[in-house]
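Here the structure is laid out as structure tokens; the discussion comes afterwards.
The values are calculated or read from the model by the stated rules, or taken from the named source; none is laboratory data. The structure presented is a predicted model; accordingly, all values stated were derived computationally and were not measured. Here Cβ is always computed from backbone atoms with ideal geometry, including for glycine, and neighbour counts include all displayed protein chains.
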Amino acid sequence: MRLSRRRAATLGVMGATLAGIGLAQAAEPVKIGLILPYSGPFAEYGQQIENGVKLALQQAAGGRRIELVRRDSTGPAPDIVKRLVQELVVRDQVDLLAGFGFTPNALAAAPIASAAKKPMVILNAASSVITTKSPYIVRFSFTLSQVSQPLGGWAAKNGVKSVYTLVSDYAPGHDAETAFKKGFGDAGGAVVGGVRVPLKNPEFSAFIQKIKDVKPDAVFAFVPSGEQGAALVKTWHDYGLNAAGIRLLATGDLTDDGMIETLGDGAIGMITSHHYSYAHQSPANAAFTAAYTAAYPGIRANFMAVAGYDGMRAILAAIQDQPGALDPDRTIARLAATRLESPRGPIQIDPATRDIIQTVYIRRVERVNGKLVNVEFDQFDQVKDPGK
Ligand code: PHB
């Protein structure tokens, strides 16, 4: 172990020296530490995000060589991620850090990014506070506040008078709850109660029974994308909440395009807000979904795939004319000035906050050509993170 660490350090110094005199640049790849959940119940995050990253690399073939150093966060596991990121920086000597499916993992990595001056590109984690934790962090995904506040306003203007909130009990859930309440309250709605459910393995039945008794017009929900959404929708139907006249509103994490078919027809009619739908109508999304399907048959691109794709395209643009060792300050400044036509619509990074500005769509689950999809029918343009 000691030998390989010393050897890595030697190689690092040698690379910098050669780059300094303008030699061997082509031979030095840019190393990106990619930290994602590749195993466990959230393994789909790793698959979708990495697929998006690799698609961007494949489409950019011919530029500077990129080496992905993949590490498995296993899920929301800040202690594991802290260790992995330390190793990536010290032993593997990566130039950039990227990935981060979960907020606690991004927060654990932030001080290391600052101390080591490593640009850190967020490809999913979505609580507002993350980008304030290091000047080297830039986000290409979304924030829960960004998508929840517009949905609150939309609900109040569309006949919903009382709402009960149900969110995962950690920072993204708290953000979603606060932002929905603000949007809904400002437009005249009343939040009549709420519950925060455990992040890991929540059991929804008791909460759903309680909601049935309270009988609000609607529930606003956020749970992390994946199997929890399917469990929630199933319990919702088992307890007859639709039949009781209660509507389920949620962030698009709950109707994630990658797993929406597992929700079944019970999801039809559900209203959600999010920044990307597989069914988004644009030439950029038609090209993206066609390329994605060709590269990864049987997997439907979701919002995480798009974040991986856009984040990697932005990284490539930021490093393209830096032939030697990357300058972290120059790299982060460029990432923070990104403007792209994304499969989700136009996106830009706010240089002041290094957070993403994008369109937020209101969508309805429908079956179109045999597939369950999120059909966008209303939108809010250039939404900044309202949590800052
Ligand atoms: C997060 O931990 O920030 C997170 C995880 C899953 C989501 C959204 C946000 O679907």
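Restricting the search to strands (runs of 3 or more DSSP E) fully inside segment 335-388 and requiring at least 3 residues that are within 17 Å of the chain's Cα centre (by Cα) and hydrophobic (A, V, I, L, M, F, W, C) gives 355-368. Could you grab me the full set of residues in segment 172-210 that are of a type in the set (Val, Ile, Thr), closer than 15 Å to Ala250 by Cα and more than 16 Å from the ligand (Cβ to nearest atom)? Scanning segment 172-210 gives Val191, Val195, Ile208. Whenever a residue of segment 27-42 is free of Cβ contacts under 8 Å to residues at least 40 places away in the same chain and more than 13 Å from Arg71 (Cα to Cα), its partners that are assigned to a strand (DSSP E or B) and away from the ligand (no atom under 16 Å from the Cβ), lying with C-beta atoms within less than 8 angstrom and at least six residues away or across chains, give the pairs Pro29/Ile66; Pro29/Glu67.
Scanning segment 300-334 for residues that are out of contact with any Phe, Trp or Tyr (no Cβ under 7 Å at 6 or more places or on another chain) and charged (D, E, K, R) yields Arg313, Asp321, Asp327, Asp329, Arg330, Arg334. The requirement of being closer than 30 Å to Val160 by Cβ and either within 16 Å of the ligand (Cβ to nearest atom) or among the basic types (Lys, Arg) (or both) is fulfilled somewhere in segment 284-301, by at least one residue. Inside segment 1-119, counting only strands (runs of 3 or more DSSP E) that do not spill past its ends, which hold 3 or more residues that are surrounded by fewer than 22 Cβ atoms within 10 Å (Cβ to Cβ) and either touching a helix residue (DSSP H, G or I) at 6+ places or on another chain (Cβ under 9 Å) or modelled with pLDDT under 95 (or both)? Hits in segment 1-119: 66-72. Is it the case that Glu44 is within 16 Å of the ligand (Cβ to nearest atom) and of a type outside the set (Phe, Trp, Tyr)? Taking the combined requirement at face value, the residue satisfies it.
When you scan segment 136-150, do you find a residue that is part of a loop (DSSP other than H, G, I, E, B) and more than 17 Å from the chain's Cα centre (by Cα), even just one? Yes, because at least one residue in segment 136-150 is part of a loop (DSSP other than H, G, I, E, B) and more than 17 Å from the chain's Cα centre (by Cα). Counting the residues of segment 126-152 that are free of Cβ contacts under 8 Å to residues at least 40 places away in the same chain and surrounded by fewer than 24 Cβ atoms within 10 Å (Cβ to Cβ) gives 2. Summed over segment 126-135, the residues that are over 20 Å from Gly52 (Cβ atoms), in a loop (DSSP other than H, G, I, E, B) and in contact with a Ser or Thr (Cβ under 6 Å, 6 or more places away or on another chain) give a count of 2.
For segment 179-194, enumerate the residues that are without any contact (Cβ under 8 Å) to a residue 60 or more places away in the chain and closer than 21 Å to Phe102 by Cβ.
Phe180
For Thr331, which of the numbered conditions (1) among the polar types (S, T, N, Q); (2) assigned to a helix (DSSP H, G or I); (3) under 25 Å from Gly387 (Cβ atoms) fails to hold? Answer for Thr331: the failing condition is (3). Within segment 154-169, is even one residue surrounded by 24 or more Cβ atoms within 10 Å (Cβ to Cβ), part of a loop (DSSP other than H, G, I, E, B) and hydroxyl-bearing (Ser, Thr, Tyr)? No, segment 154-169 has no match at all.
Within segment 312-344, being in contact (Cβ under 8 Å) with a residue 24 or more places away in the chain and of a type in the set (Lys, Arg) holds for Arg313, Arg344.
Looking at segment 94-118, which of its residues are away from the ligand (no atom under 16 Å from the Cβ) and polar (S, T, N, Q)? If the condition is that a residue be away from the ligand (no atom under 16 Å from the Cβ) and polar (S, T, N, Q), then Ser114 is the only one that fits.
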